[in-house]
Amino acid sequence: MSTAITLKEMVKKPDLLASGHRLCAGCAEPIIARLVLKASRGAIIATTATGCLEVATTIFPYSAWRIPWIHTAFENAAATASGIEAAWRAMRRKGRGPLARYETLDIVAFAGDGGTYDIGLQALSGALERGHDFTYVLLDNEAYMNTGIQRSGGTPYCAWTTTSPAGTVIPGKREWKKPIDEIVIAHEIPYTATVSPAYPLDLMQKARAAFETEGPAFIHAISPCCRGWRFPPNKTIEVARLAVETCFFPLYECRVEDGRPIYKLSPPSLAIAKRPERKKPVEDYLKIQGRFRHLFRPERRGDLIERIQRWVDRRWEMLLEKAGL
Amino acid sequence: MSSQRLLGLNGDEAAAYAIKQVNPDVVAAYPITPQTIIVERFSEYVADGLVDTEFVAVESEHSAMSCCIGAAAAGARAFTATAANGLALMWEMLYIAASLRLPIVMAVANRALSAPINIHNDHSDSMGARDSGWIQIYCENSQEVYDACIEAWRIGEHLDVQLPVMVCLDGFTLSHTMENVLTLSDEAVRDFIGERPYIKVQGHLGEAEFRLDPEKPLTMGPLDLYDFYFEHKMHQVEAMRRALKAIPEIDEEYREVSGRSYRLLHPYMMEDAEVALIGLGSTMGTVRHVVDRLRKRGVKAGMVKMRVFRPFPTEELQELLKDVEVVGVLDKAMSFGAPGGPLYEELRAVFYDADERPLIVDYVYGLGGRDTPPNLIEEAYEGLLEVKRRGEAVEKVRFLGVRW
């Protein structure tokens, strides 16, 4: 089990991602990144795939990163992290250079949904298969936001994006969100977890568990984007909470022990599992986001909302089954 | 000079053996013909505990280079090897490795690019990477491969240089052909390459060595726009200029250890040459043989092997070729739609402003591994002699040994 961490302890730790970066007001990414970094055990090195987090935190000659940090390209955060980890291992073995000092080193890769579900899937799969000791954090804002809201494999069904526009014939994205967590868990890596910035302690505890994991760990964070999802910047946490309360994005951990995946629901989702009447309809989540507005105006598309609800229900039931609930 | 051991090694094995002696921190590689023997042999060294290297068997060449970049950024010595389509898949990362100023070493077993798919040798792969910011060394034989795979670390890591180095060996012609190779002792190699030095930069907490170190954090690979990007590119321009100076210096040190010295260019019979061929790689061995044959017949033929193509040794070439009447360029790659092959174009550019300059013609040859026997080279020299007689080159770009 991971070392228990408390909010009281965490608020005392300095932010390793400094303020003054140029991410949008209301962006969930720096909230998630700061919480993840707070949970680090000490020595840490980060790599970030090309994307909002990267471009907005490191406009030369400024940098918001108080830790050693590298960006190389878009599709290769996992491969870059593999190299850092391999270097650390080799230097430990040889007793050479500053990295040889660290018995534990938290190596973290941040990447968006485009850099994970789509263009970076191969590098991620390779790094997971090879078993590098690193933590991969997927900041899932469900579209290519850095290039201006284009659909990705992580974009949900019916969501409007600039390349899956809601037209008079086609109501937004026609495909379902790719089940990335199942894909990752199928690699039989030791630790996978979903997190939401609406539950900061849960997020930090999982990040700490990921860092403490020997081998690859995967954190999937829902990262509401007020620009792309079309909601006011002061609603970020509310949207991130509704994603969990509607079971659109349930919170859980999966540890693979003796080759078997052991699923465990996290408190916010476990509470719903125990009292199903607490599960909010997905419509509550959809209707506060402009990217789903065409499901409500000019006329209500009950058929599509119902279809999304069935998807949520089915996936939630499957998760409960996996968790033995 | 230290004592040396004679081994029978093909080009790939010579690279692997040199890298074993270098004992880098990280090797990340992916199999591709005709490079595969390098990673196979190296994997055996790892499996037998002969190196301390972390061997990362990546899932693609893109990840191979990404992994090397991550490792080198973390302060490691990192090596990879590839060829053709593998190099093409790395393309994006080649530029990033060079621009992040990471002295990675890579062996490229030169092979024709697809399509149509072809596993044999030409230089279309590495020539396409000539603008990526890597130093490029082309080898004539396995001995040169071995030596270059040792010297490359010192060249790339030189504090005035800090660039990645590509050691190019012709696929199959070198990669799979066994030759005698004189090898240094492990100790001599270790002494020669020493420890990787790091440049000093400004980190968040003051001066830091340029590597990812939790105690001295710095940001690598930031967003760099119109206000600074150009200056950073100028640093790369300058680093290449400095490499021109550093390479012969390091080579001189290597001569003291090994008795072998390579420099930037290898002229042969150039003192009084009236016609000369210039080119890269293993073909130049054949050319030397033909020069001897022609000399016996009284033809004042010479040749220049370019060992280092990046940085381009402009002044040295001007000096070497200014008195030659006709120079033929051997290009084992074609730039489609361009005035000629890459080496031809650059050589002509070098002489554009020169008061004394040779007539220059291009021979594009050997694409897809098309055999280049001595007779074909002789044909090229005949062509140069014809140009010399006429005093002009009517047909400037010629294709050698093709049914056309």
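Within 10 Å of each Cβ in peptide B:75-81, how many partner chain Cβ atoms are there on average? Round it to a whole number, please.
4
Cβ neighbours within 10 Å, averaged per peptide: list A:66-72, A:240-246, B:167-173 in order, most packed at the top.
The densest-packed peptide leads the list: B:167-173, A:66-72, A:240-246.
Under 1.5 on a/c is rounded, so check that first for region A:1-107, then, if it is not, pick prolate when a/b is larger than b/c and oblate when it is not; a ≥ b ≥ c are the square roots of the alpha carbon gyration tensor eigenvalues.
The shape class here is oblate.
Mean separation of Cα pairs under 8 Å and 6+ residues apart, divided by the residue count of region A:7-322: what relative contact order is that in percent?
In percent, rounded to a whole number, it is 16.
How many Cβ atoms of partner chains, on average, are near each residue of A:49-62 if near means within 10 Å of its Cβ?
So the per-residue partner count for this stretch is 3.
Pick from A:M145, A:M91, A:M204 the residue whose mean-square fluctuation is largest in a GNM of chain A, springs joining Cα atoms under 10 Å.
Answer for the Gaussian network model of chain A: A:M91.
Answer rounded, prolate or oblate for region B:265-400, using the Cα gyration tensor with square roots of eigenvalues a ≥ b ≥ c: rounded when a/c is under 1.5, else prolate when a/b is larger than b/c, else oblate.
In terms of gyration-tensor shape, rounded.
Give the relative contact order (percent, whole number) for region A:1-90; include only Cα pairs under 8 Å separated by 6+ residues.
30 percent.
What is the mean number of Cβ atoms from other protein chains located within 10 Å of the Cβ atom of each residue in peptide A:93-105, rounded to a whole number?
Average per residue, whole number: 4.
Under 8 Å for C-alpha pairs, at least 6 residues apart: give me the relative contact order for region B:247-404, rounded to a whole percent.
Relative contact order, region B:247-404: 23 percent.
Rg and Dmax of the protein assembly as shown, Cα atoms, in Å?
Both quantities, over Cα of the protein assembly as shown: 29.3, 101 Å.
Can you give the Rg to Rh ratio for chain B, taking only C-alpha atoms and Rh from Kirkwood?
0.97
Which residues make up the longest stretch of chain B clear of trypsin sites (Lys or Arg not before Pro) that lie in a DSSP loop with no more than 11 other Cβ atoms within 10 Å, not counting the sites?
B:1-296
Measuring with a 1.4 Å probe in the full set of protein chains, what accessible area per residue, in whole Å², belongs to chain A?
Roughly 39 Å² per residue, with all protein chains present.
Scan around A:Y62 for amide H atoms under 5 Å from its own, H built in the peptide plane at 1.01 Å from N, and keep only partners 5 or more places away or cross-chain.
Placed amide hydrogens put nothing under 5 Å from A:Y62.
Could you pull out every residue, at least 5 positions away or on a different chain, whose amide H is within less than 5 Å of the one on A:V195? Hs are placed 1.01 Å off N in the peptide plane, and Pro or chain starts have none.
A:H220, A:A221, A:I222
Probe radius 1.4 Å, ligands and nucleic acids ignored: give me the carbon and sulfur share of the accessible area of region B:84-220 as a rounded percent.
Here carbon and sulfur together make up 52 percent of the probe-accessible area.
Rounded to the nearest Å, what's the spacing between the alpha carbon centres of region A:206-284 and region A:143-205? Just the number, please.
12
Summarise the accessible area of region B:265-400 (1.4 Å probe, protein heavy atoms) by the percent that is carbon and sulfur.
Its accessible area is 46 percent carbon and sulfur atoms.
What Kirkwood hydrodynamic radius do you get for region A:98-238 when you take the inverse of the mean 1/r over all pairs of distinct Cα atoms, in Å?
Computed over region A:98-238, the radius equals 16.1 Å.
Which entries of A:K173/A:K279; B:K332/B:K396; A:K8/A:K38; A:K38/B:K200; A:K206/A:K264; A:K38/A:K322 show an alpha-carbon separation above 21 angstrom in the structure shown?
The answer is A:K173/A:K279; A:K38/B:K200; A:K38/A:K322.
How big is the charge dipole of region B:265-400 about its Cα centre, in debye rounded to the nearest 20, if each Lys and Arg gets +1 on its Cβ and each Asp and Glu gets -1 on its Cβ?
The dipole of region B:265-400 has a size of about 500 debye.
Once ligands and nucleic acids are excluded and a 1.4 Å probe is used, how much of B:F399 is accessible, expressed in Å² to the nearest 10?
Only protein atoms counted, so the area is about 110 Å².
Could you give each residue of region B:139-150 its phi-based ³J(HN,Hα) in whole Hz, using Karplus coefficients 6.51, -1.76, 1.60 with θ = phi - 60°, and x for Gly or Pro?
With the stated coefficients, region B:139-150 comes to 9, 8, 8, 4, 4, 5, 4, 4, 5, 5, 5, 9 Hz.
With +1 on each Lys and Arg Cβ and -1 on each Asp and Glu Cβ, how big is the dipole of region B:60-137 about its Cα centre, in debye rounded to the nearest 20?
220
Estimate for me the total accessible surface buried between chains A and B (protein heavy atoms, probe 1.4 Å, no ligands or nucleic acids), in Å² to the nearest 100.
Approximately 3500 Å² gets buried when A meets B.
Using only alpha-carbon positions, what ratio does the radius of gyration of region A:195-325 give when scaled by 2.2 N^0.38 Å?
For region A:195-325, the normalised Cα radius of gyration comes out at 1.14.
Counting only protein heavy atoms and using a 1.4 Å probe, what share of the accessible area of region A:7-322 belongs to carbon plus sulfur, as a whole percent?
The value for region A:7-322 is 52 percent carbon and sulfur by accessible area.
Which shape class, rounded, prolate or oblate, goes with region B:173-233 when its Cα gyration tensor gives a ≥ b ≥ c as root eigenvalues, a/c under 1.5 marks rounded, and past that a/b bigger than b/c marks prolate?
Cα axes put region B:173-233 in the oblate bin.
Loop only by DSSP, 10 or fewer other Cβ within 10 Å of the Cβ. Give me the GluC sites (Glu not before Pro) in region A:42-137 that pass, ordered by residue number.
Here the sparse-neighbourhood loop sites are A:E103.
For A:I70, list long-range residues whose amide hydrogen, built 1.01 Å from N in the peptide plane, is under 5 Å from its own amide hydrogen.
A:A46, A:T47, A:T48, B:M220
For region A:7-322, compute Rg over Rh where Rg is the Cα radius of gyration and Rh is the Kirkwood radius from the inverse mean 1/r over Cα pairs.
With Rh from the inverse mean 1/r over Cα pairs, Rg/Rh is 0.97.
The values are calculated or read from the model by the stated rules, or taken from the named source; none is laboratory data. Please read these numbers as outputs of a predicted model, since none were measured by experiment. Every residue, glycine among them, receives a Cβ derived from its backbone with ideal geometry; neighbour counts consider all protein chains shown. Note: accessible area is taken over every heavy atom of the protein model, side chains too, but ligands, DNA and RNA are not part of it. Shrake-Rupley method; radii C 1.70, N 1.55, O 1.52, S 1.80 Å.
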